[in-house]
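Below is one structure, written out as structure tokens, with a few remarks after it.
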Amino acid sequence: MEFKKLLFIVSLGLAPMVHSQATQLIGTTTVYIDTLSNEVNIPWEIQLEGDTHLWVTERDGLVSRIDLSTGVKDTVLDLTADVHTVGESGLLGMALHPDFPVIAEVFLVYTYGPEDGQGYFRERLVKYTYDNSSDPTLIDPDTLIEDILAWGNHNGSRLHFLPDKTLLMSTGECSQQQLSQDANSLSGKYLRLNTDGTIPTDNPTPGSYVYTMGHRNSQGICSLPNGKVIITEHGPSTDDELQVLEAGNNYGWPLIHGFCDENFENAPCATGLYTEPIRAWTPTIATSDLVYYQNPAFPEWNNRLLMVTLNGQRVVAMQLNTQTTAVTDEDQYLQGLFGRLRDIAIGPNKEIYIATNSGTHPILRLTPSNALSVQEQYGGETELIYPNPAESSFQFLNKSAAEHVSILDLNGKTVLEYKNVESGDHMDILKLPTGTYSVEVKFVGNDQIQRSRLIK
């Protein structure tokens, strides 16, 4: 698709967080891009906590929460003294319990030393409890799995909860290719475990954490609405892969690279024991994490997988067929604009967060101007204002006087407020940055709040 050059608009300090904002036209949808935080160092994982915070792991050992409204970062765990960081090792995957914060458990993967004589060390999965007191922190570490082989590269690791609240963890083969096909090794696998660290009784092999095998280095995973799990896999110089993850399957590394389309793959492919991908990229683009995005108000990305890439430095939007056996349409976005893209997450208002691994490693926020959730949350059918969209002002239409009319940004923060408003009054919004807002009206003598969406 065709892109317009980024147009930078300096926000005017009306909202709590002051950042420069860029507009990007994706198809016919205007997307606003700003920086949630540039105070992170090599972020690896980002996870949403409800509609208030973004959790982030930094590879050198910090776990932090970033306020979505203010961009303020608070460190809740410092593992820099425990994490062994070489190359792409360090503090990696993270997952919040599906019932968080009722069950205030946070799961982390990190590599630790010492190194052996060949440069190998170890990786572990640890469960923490989140103490949300006056000084929020992660406490009570409980090691669930440890002594997994680690190296400077090819360590995984992504974490992902299944609907039954068992946890998946990817591991790399640490450049020892034979380990991917070794059922007794935890390397080059997806592991599945209960949240207390025990092995689920319905795992493919009784008494084994191994859920799938034959992986090289998977760093992306998400679930589709139909319940299927999609993963990404780093290839060598060819055949980055997109795969459907199914219990007990063997994905072929190092015997098969991508599809069964090379002479050296004929013999293993003929056995029928190995699962081919549904998409492969040659040359490689360094596939990383992905999400499934649903928002009819953003048709170019609606009902598509959104995958971020490292060497490719882009967002890849993919549509799958109904059988989840092939990619039927694929488009590239933001290529080269923000460098290496490590992780992606969807916010409470259908905004999209992207963790970058270039420059100052900012965490970006992409907000479509016509975010669907704003209509749903604020009742866009209520006719309180005119015109809408509005450029410099709008008129209050209701016959009843209002005690106050508040304008809120997508994070629910008040950016403008007018008091004692009468029917027909005009409200100035000239200095508001272009975007989508909520208008909240409290009428005189009535505690009920009415809401309407405003697009500027």
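The values are calculated or read from the model by the stated rules, or taken from the named source; none is laboratory data. All values derive from a computational prediction rather than experimental measurement. Neighbour counts run over all protein chains shown; Cβ positions are idealised from the backbone, glycine included. Calculation scope for accessible area: heavy atoms of the full protein, side chains included, ligands and nucleic acids excluded. Shrake-Rupley method; radii C 1.70, N 1.55, O 1.52, S 1.80 Å.
If R0 is taken as 41 Å, the Cβ-Cβ distance between residue 422 and residue 303 corresponds to a FRET efficiency of 0.40.
Summarising the label geometry, the points placed 7 Å from Cα in the beta-carbon direction at residue 28 and residue 198 lie 5.5 nm from one another. Considering only 415, 71, 226, and ranking their Cα positions along the charge dipole of the chain that arises from unit charges at the beta-carbon of Lys, Arg, Asp and Glu, the one farthest toward the positive end is 415.
Under a 1.4 Å probe, what is the accessible area of the chain per residue, stated in Å²? Don't jump to the answer; show the numbers that get you there.
Working: 18700 Å² over 456 residues.
On a per-residue basis, the chain sits at 41 Å².
Charged side chains reduced to their Cβ positions (Lys and Arg at +1, Asp and Glu at -1) give segment 138-252 a dipole of some 200 debye around its Cα centre. Filter the cross-link list 73/413; 73/189; 73/442; 228/350; 413/456; 165/189 down to pairs whose alpha-carbon distance in this structure exceeds 27 Å. Those over the limit are 73/189; 73/442. Can you compute the helix-only [θ] at 222 nm over the chain? Use -39500 (n - 2.57) per DSSP H run of at least 4 residues, normalise by all residues, nearest 500 deg cm²/dmol. About -500 deg cm²/dmol. Close amide H contacts of residue 434 (hydrogens built in the peptide plane, cut-off under 5 Å, sequence separation of 5 or more or a different chain): none are found. The alpha carbon centroids of segment 175-248 and segment 42-102 are separated by 23 Å. Legend note: in the chain, cysteines whose Cβ sits 4.7 Å or more from every other cysteine Cβ are 174, 222. Spatial offset of segment 348-363 relative to segment 261-304 amounts to 23 Å, using the alpha carbon center of each. Three principal axis extents of segment 193-252 based on alpha-carbon atoms, in descending order, are 37, 26, 18 Å. Each label was represented as a point 7 Å from its Cα along the Cα-to-Cβ direction; for residue 205 and residue 162 these points are 1.6 nm apart.
Please turn the phi angles of segment 248-255 into ³J(HN,Hα) values with the Karplus equation 6.51 cos²θ - 1.76 cosθ + 1.60 (θ = phi - 60°), one per residue in order, whole Hz, x for glycine and proline. So the Karplus estimates, Gly and Pro as x, are x, 6, 10, 9, x, 5, x, 6 Hz.
Mean separation of Cα pairs under 8 Å and 6+ residues apart, divided by the residue count of segment 171-218: what relative contact order is that in percent?
On the way: 84 pairs, mean separation 20.2, N = 48.
Averaging sequence separation for qualifying contacts and normalising by length gives 42 percent for segment 171-218.
Here the Kirkwood formula puts the hydrodynamic radius of segment 101-208 at 15.0 Å, using every distinct Cα pair.
For the chain, the relative contact order works out to 11 percent when only alpha carbon pairs closer than 8 Å and six or more residues apart are counted.
Rounded to the nearest 0.05, the FRET efficiency derived from the C-beta distance between residue 448 and residue 131 at R0 = 25 Å is 0.10.
Rounded, prolate or oblate: which fits segment 384-452, taking a ≥ b ≥ c as square roots of the Cα gyration tensor eigenvalues, rounded meaning a/c under 1.5, else prolate when a/b beats b/c?
Oblate, since a/c reaches 1.5 and b/c is not below a/b.
Within the assembled protein chains, the solvent-accessible surface assigned to residue 83 is about 20 Å², based on a 1.4 Å probe.
Placing a pseudo-label 7 Å from each Cα along the Cα-to-Cβ vector at residue 386 and residue 273 gives an inter-label distance of 7.3 nm.
Please state the relative contact order of segment 77-193 as a whole percent: Cα pairs under 8 Å, 6+ residues apart?
Values: 251 pairs, mean separation 23.4, N = 117.
With pairs under 8 Å counted, the relative contact order is 20 percent.
Working note: Cα atoms of segment 162-287, range along each principal axis, descending, whole Å: 43, 31, 26.
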